[in-house]
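All remarks here apply to the structure that follows.
Since every read-out is calculated from the coordinates, none of them should be taken as a lab result. If you're wondering where the values come from, they're calculated on a predicted model, not measured in any experiment. Every residue, glycine as well, gets a Cβ built from its backbone with ideal geometry; the counts of neighbours run over all protein chains shown.
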Amino acid sequence: MRLLDILARACALLGGALLTVITFMVCASLVGRNTSGWTLVGDFELTASAAGAAIALFMPLAQMRGNHIIVDFFTLKASAGAKAVLDRFGTLLLGGVMALMAWRSALGGLSAWDSGAGSMMLGFPEWIVYCGIVPPLVLSAVIALLQAATGDLPEAT
């Protein structure tokens, strides 16, 4: 789990750096647009792509630390054993969903590569975005499945 924690932190740092770069890009575009009429063409395309990749990059650390939203309204009065079983099942289910998303994203990336799909304004290749989201989704799946298998679930914060 130590290696997975290091990889999850690295993903989160990369996601934060990506959002920081996009924030500076959007600020520069807005200042240019409102002062000199200069703008960065396609800034919204880059922002959307980077935001999607950043969300995927934050998922492994969220799973590692137990920071996903948990609605415990129906289990408030359940026993500790019942809660543990439900938490383990939920973690297993989340791991399966992350694996499914990684698989489908990989296929989407291959399809975008084959078709040469790109964004409308810049022609930015869509497969690059898929390449950015598949590894953190796989890492999230591995973390969740390992947590479910070992019962080493983080405390919800």
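Summary table below
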read-out	value
Those residues of the range 142-157 which are of a type outside the set (Gly, Ala, Ser) and either in contact with a strand residue (DSSP E or B) (Cβ under 7 Å, 6 or more places away or on another chain) or in contact (Cβ under 8 Å) with a residue 40 or more places away in the chain (or both), in sequence order	Val142, Ile143, Leu145, Leu146, Gln147, Asp152, Leu153, Pro154, Glu155, Thr157
Filtered residues of the range 57-68 (kept if within 15 Å of Ala144 (Cβ to Cβ) and either loosely packed, with under 11 Cβ neighbours inside 10 Å or in contact with a Leu (Cβ under 6 Å, 6 or more places away or on another chain) (or both))	Pro60
Per-region count, the range 52-71, residues touching a residue at least 12 places away in the same chain (Cβ under 8 Å) and farther than 25 Å from Leu4 by Cα	0
One residue from Leu94, Leu146 being under 14 Å from the mean Cα position of the chain (by Cα) and more than 26 Å from Gly42 (Cβ to Cβ)	Leu94
Residues (loosely packed, with under 14 Cβ neighbours inside 10 Å and touching a residue at least 60 places away in the same chain (Cβ under 8 Å)) located in the range 82-141	Ala84, Met120, Met121
Breaking point among (1) surrounded by 12 or more Cβ atoms within 10 Å (Cβ to Cβ); (2) touching a helix residue (DSSP H, G or I) at 6+ places or on another chain (Cβ under 9 Å); (3) of a type outside the set (Gly, Ala, Ser), for Asp152	(1)
Unmet requirement for Leu14, which otherwise passes all of (1) within 15 Å of the chain's Cα centre (by Cα); (2) without any contact (Cβ under 8 Å) to a residue 40 or more places away in the chain	(2)
Failed item, numbered, when Trp38 is tested on (1) in contact with a Gly (Cβ under 6 Å, 6 or more places away or on another chain); (2) of a type outside the set (A, V, I, L, M); (3) touching a residue at least 40 places away in the same chain (Cβ under 8 Å)	(3)
